[in-house]
Protein chains: 2
Amino acid sequence: MSQRVSDDAMAEVIAETRSDSSSRRHGGGDDDFVTDLPYMHRVGTPPKQPLFQEIKHSLMETFFADKPFHKFKDQSGSRKFVLALQSLFPILEWGRDYNLKKFRGDFVSGLTIASLCIPQDLAYAKLAYLDPWYGLYSSFVAPLVYAFMGTSRDIAIGPVAVVSLLLGSLLSSEISDTKSHDYVRLAFTATFFAGVTQLVLGVCRLGFLIDFLSHAAIVGFMAGAAITIALQQLKGLLGIKNFTTKTDIVSVLHSVWSNVHHGWNWETILIGLSFLIFLLITKYIAKRNKKLFWVSAISPMISVVVSTFFVYITRADEKGVSIVKHIKSGVNPSSANEIFFSGKYLGAGVRIGIVSGMVALTEAVAIGRTFAAMKDYSLDGNKEMVAMGTMNIVGSLTSSYVTTGSFSRSAVNFMAGCQTAVSNIVMSIVVLLTLLVLTPLFKYTPNAVLASIIIAAVVNLVNIEAMVLLWKIDKFDFVACMGAFFGVIFKSVEIGLLIAVAISFAKILLQVTRPRTAVLGKLPGTTVYRNIQQYPKAAQIPGMLIIRIDSAIYFSNSNYIKERILRWLIEEESQRTESELPGIQNLIVEMSPVTDIDTSGIHAFEELYKTLQKREVQLILANPGPVVIEKLHASKLTDLIGEDKIFLTVADAVATFGPKGVK
Amino acid sequence: MSQRVSDDAMAEVIAETRSDSSSRRHGGGDDDFVTDLPYMHRVGTPPKQPLFQEIKHSLMETFFADKPFHKFKDQSGSRKFVLALQSLFPILEWGRDYNLKKFRGDFVSGLTIASLCIPQDLAYAKLAYLDPWYGLYSSFVAPLVYAFMGTSRDIAIGPVAVVSLLLGSLLSSEISDTKSHDYVRLAFTATFFAGVTQLVLGVCRLGFLIDFLSHAAIVGFMAGAAITIALQQLKGLLGIKNFTTKTDIVSVLHSVWSNVHHGWNWETILIGLSFLIFLLITKYIAKRNKKLFWVSAISPMISVVVSTFFVYITRADEKGVSIVKHIKSGVNPSSANEIFFSGKYLGAGVRIGIVSGMVALTEAVAIGRTFAAMKDYSLDGNKEMVAMGTMNIVGSLTSSYVTTGSFSRSAVNFMAGCQTAVSNIVMSIVVLLTLLVLTPLFKYTPNAVLASIIIAAVVNLVNIEAMVLLWKIDKFDFVACMGAFFGVIFKSVEIGLLIAVAISFAKILLQVTRPRTAVLGKLPGTTVYRNIQQYPKAAQIPGMLIIRIDSAIYFSNSNYIKERILRWLIEEESQRTESELPGIQNLIVEMSPVTDIDTSGIHAFEELYKTLQKREVQLILANPGPVVIEKLHASKLTDLIGEDKIFLTVADAVATFGPKGVK
């Protein structure tokens, strides 16, 4: 059957192509009546949709582009309930196919990421100026919640370096005494509202908002944050006691140099540097041989164990090596009544929550998408946000701070062969056991080792390859990247973020204000018209100017487009007069790329038409799209320009109004 | 010569067309080697520009799209100076061709707009809660400055209703005692910074910023402001003493009703209503017969004269009819040391200045463009802003408040036959004479007549026709219009303005986040591929899916585009399986409308390619533009996809990879 259909189609096509080429040759002879020839297609007007349909379609495409309700259609009530539950808790769906083989993969990868996350948790909590156990708390509750609600199979949930830094920087600018109880309470408040932000974005299907932070801006922001974080670690690594609280590179380096004579502790430096070198070597090994990824994955744990043991037997802490000292034991206590729901810190909590929630989301979605593309499964952005939001709200009630997907741990998770989110559950259980049993052992862990673990972890965030690629591909992207980068390292994380967002927006605005236009010429031997800049062989038609507008025409660019077209016309006219070519009588506007036009655009065309009339140049439109032709009709602009001046292709317009013989 | 060239071109084209159609027919037979046939053009890569050139070109197109320095090229030093002076003061250029005939037109139109502007000035100043003589001051200095620096020949400069209302509303929210001296000083401060804003926009060539307030938003805002202004006049028209200071419709109507028994003054109502009816009738006459435009132009002056005389002889002011009473005589005093350059009101002055300066500019540029298009001369947007800015800065130093182009007076100016900006000078001199000699005569002018003049003037701002057109052409524009409209009448002028800007931006963001995509089919009998929704006759090719992306691919939409393409693929596959048609082996992406791609877009294509590979679907690109092909090369994406999968046209791609015989 299928074969027959395609054969039929081909036969039809072949027959028509023949009559086509013959009628074309005929059409070239007497061009006045060419429009009546059978091969000429008129510009189609799509079937008019009722208003409600139109609005519904446009809303659906904006908010429900992924058709989330598709599967609910034509289902019974109880089935709908099951589907809704499955949609909220994807574990109910994939859990049914879960088997021992998958568990083996998840178990191994869960243990691997647990060994990586425990030392990182202790270290990252310090970046947020929180006590180390809050890092462990955050790696227990949040991954459990995510495992039930998330759609990514590879993401590893927990505290991450950049969000910890951002949170610490924002919180401490609000409450400078980071040891006060209010500071911790504000951290939980911010976490709560970060979760609310994420949940609201997901439920209101506004997930596309995070797309506004461009890839380039993220690359720059991450690299800047990594360098800032690494610089912060000089405090722990060099054993400096009086360290600046600012994060910009100038203050930090000044602080480091001014402490060189009396503030550096040589025992600390020895410990810190040796483990940093160890960590970087294992990283290098893992990079050279992907199979040895576990070497770098367990090296932080090895560093912690070895250094703790070393400090314990040498009692180096008495020689000035700073250690973790006190670390709380036991499971997360409730923090539900610690959150500021009123009072002077509520506003700050909401603001910090929104910023850190958005940044956390951007990181998680970027990670989720990367791994989903690698394994070719689909990631539901809005569902992810709901999962992240719930996880942070629950986290804020159980003494956790903002968590998200960690890039380094997710990569290890992936390479260790994780199959589902169960690896997060395994990790979470290991963290629980650590909290219950092992925390006293971290007492002698030197802070210098935690600093080296952080440095080794953030090195990868400086993605020089990506920056080089940005430079090669798109200079504007590179500027955005550098803006974010220098903003972070020379001012602060917030300023860097602001610069990144501002440049991203500026790019969008530039795109819609100054769209491209191109002069088209005919490729020899074809009826194809192309940009004469790209195809130097393309020849212009005597007496005609063909311009393509490369954007939807909106209020933001309608005036520019009108004036740009007139400028092309004036420039071309003077050039042709110089070369003694005939003047321009016809201006063809190729509208293929013009997907939409608004009332300002219609007005601009009206004005263009009037100006051209004064200059005795005929305005001809080629290939307006469905939306455009509808609006041209609605505004009666078609009557003004003339229906017979609107063609399906540039070639048709040239055949009709061009010099004889050209088409 | 010219004839010969075009004949040659034609001969060549005809010859090539013949070989074209024959080779095409040949090509249809054995499609495997079609790529080697002579008619196949490869996708061109434009000559690589050096980086500096590229950046320069892009900056020029953004900020100097009108090539302002073009005429300075290859000129001597002294000539450059003259040109620069002429460019700053266009009067030096057009003044040389000025003659008596032109002056006759300017004189008549100048007198006409003066007779219209004097009563309006008195009335509009009250809208800004300023004493009436400030309106006259503003109509003396500002038009003089504009006449020397402006490029519009038809615009009539002076205070306008909407800006006066906006200014009054913003100023009084800052200083509620509008009779205090600080209030007047703040008004001058705001005017100064409005001028600075306009000047900076012009000098920095950021004029395109005002394009972001869409036509639709302006229509709604103006209509809302007109109704608000008219409602405010009920105070004067009904002679109410205790009137609300709020501007929203609910407060105003409440205030009117609550005063019905003891607050209304019947003598005032009689005077106000009779002159309002007289003004509306003359307006109607002028609308019916364009030649009688002067009837409506002089009717406000007649109303003022008649009513003043009437009050004077009947002493109606003793019966409770409110009159202008005191009016200052003499030319504008200096106000240079009244402006707040420091202190607590500086911030408010700057903020109010920026807002009112932008709104004033939007109105002036819209008016200027309308009349420039009617008479087909070009208006230099940036030069206009410099002129407006200077005029308001000078105005603020000479006791004037924010001025701009008035739509009603400009229309009268145009119809009265103005030739150049000299009509503004004539008007300015008449205002000067009034200030010197006639002001005492306005003492008995009843406020009710000024109220009727305002109402009659703003009636035209409610442009119902334009609203209907918005509804017909673009529903989104209509929503923006209504948002601004209801924002103004139910909340305040500022809120309405904010809503208008927000909706305009939302539209831009929507456009760049959710671009359109379309499935293409082959129009029978052609090699033209078009949207199958618009052209139901267009037939899909068996085994192929052709998708056109209708937008530049940027970080804000790259992910959506990728997922949308995959969704098209999945939907089409399931449809074709149902109809027992062959599955899809080739996905052609028509890139003609894709004018640009950034690094996020490149990544999205990489991911798309990988996903398609997993599904055993071949990715083919058709007609990438110059910028896009360059970036595809730079990112090595061409190597990944394969150079032989990138075609000049969809037809070429179909001829190569499609079923035999279709092309």
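Reported count of residues in the range B:53-80, each being surrounded by 11 or more Cβ atoms within 10 Å (Cβ to Cβ) and either aliphatic (A, V, I, L, M) or within 18 Å of A:L510 (Cβ to Cβ) (or both), is 12. Screening the range B:290-316 for residues that are in contact with a helix residue (DSSP H, G or I) (Cβ under 8 Å, 6 or more places away or on another chain) and of a type in the set (S, T, Y) and picking the one that is surrounded by the fewest Cβ atoms within 10 Å (Cβ to Cβ) gives B:Y312. Here the helices (runs of 4 or more DSSP H) wholly within the range B:552-649 that include at least 3 residues being within 11 Å of chain A (Cβ to nearest Cβ) are B:558-578, B:599-614, B:626-634.
Scan the helices (runs of 4 or more DSSP H) fully inside the range B:432-539 and keep the ones with 2 or more residues being surrounded by fewer than 18 Cβ atoms within 10 Å (Cβ to Cβ). Reasoning before the result, please.
Working: elements: B:447-458, B:464-473, B:475-486, B:493-513.
Of the helices (runs of 4 or more DSSP H) lying wholly inside the range B:432-539, those with at least 2 residues that are surrounded by fewer than 18 Cβ atoms within 10 Å (Cβ to Cβ) span B:464-473, B:475-486, B:493-513.
Which one of these is within 13 Å of the chain's Cα centre (by Cα) and at negative phi: A:A226, A:A217, A:A194? Going through A:A226, A:A217, A:A194 in turn, the sole match is A:A217. Taking the criterion of being crowded, with 22+ Cβ neighbours inside 10 Å and of a type in the set (A, V, I, L, M), the residues of the range A:194-225 that qualify are A:A194, A:L201, A:L213, A:A216, A:A217, A:I218, A:V219, A:M222, A:A223, A:A225. The single condition from (1) more than 7 Å from every other protein chain (Cβ to nearest Cβ); (2) at pLDDT 85 or above that A:I503 fails is (2). Within the bounds of the range B:262-271, is there any residue that is touching a strand residue (DSSP E or B) at 6+ places or on another chain (Cβ under 7 Å), closer than 24 Å to B:T112 by Cβ and in a helix (DSSP H, G or I)? Among the residues of the range B:262-271, not one is touching a strand residue (DSSP E or B) at 6+ places or on another chain (Cβ under 7 Å), closer than 24 Å to B:T112 by Cβ and in a helix (DSSP H, G or I), which makes the answer no.
Against the numbered list (1) without any contact (Cβ under 8 Å) to a residue 24 or more places away in the chain; (2) crowded, with 22+ Cβ neighbours inside 10 Å, A:D177 comes up short only at (2).
The set of residues from the range B:514-547 being within 18 Å of B:L569 (Cβ to Cβ) and touching a Phe, Trp or Tyr at 6+ places or on another chain (Cβ under 8 Å) comprises B:P515, B:T517, B:V519, B:L520, B:G521, B:M544, B:L545, B:I546, B:I547. What do you reckon, is B:L361 among the aliphatic types (A, V, I, L, M), over 25 Å from B:V331 (Cβ atoms) and assigned to a helix (DSSP H, G or I)? In short, yes.
Quick grid of which residues meet (1) closer than 26 Å to A:N332 by Cβ; (2) not polar (S, T, N, Q):
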residue	(1), (2)
A:V355	yes, yes
A:I367	yes, yes
A:L379	no, yes
A:E384	yes, yes
A:T390	yes, no
A:S400	yes, no
A:S410	yes, no
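A quick yes/no check of all residues on (1) free of Cβ contacts under 8 Å to residues at least 24 places away in the same chain; (2) out of contact with any Phe, Trp or Tyr (no Cβ under 6 Å at 6 or more places or on another chain); (3) of a type in the set (G, A, S); (4) outside the structural domain of B:V163 (by TED's automatic domain parsing):
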{"residue": "B:D74", "(1), (2), (3), (4)": "yes, yes, no, yes"}
{"residue": "B:S78", "(1), (2), (3), (4)": "yes, yes, yes, yes"}
{"residue": "B:Y98", "(1), (2), (3), (4)": "no, yes, no, no"}
{"residue": "B:K102", "(1), (2), (3), (4)": "no, yes, no, no"}
{"residue": "B:G110", "(1), (2), (3), (4)": "no, yes, yes, no"}
{"residue": "B:S115", "(1), (2), (3), (4)": "no, yes, yes, no"}
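The values are calculated or read from the model by the stated rules, or taken from the named source; none is laboratory data. Worth saying up front: this structure is predicted, and the values here are computed from it rather than measured. Every residue, glycine among them, receives a Cβ derived from its backbone with ideal geometry; neighbour counts consider all protein chains shown.
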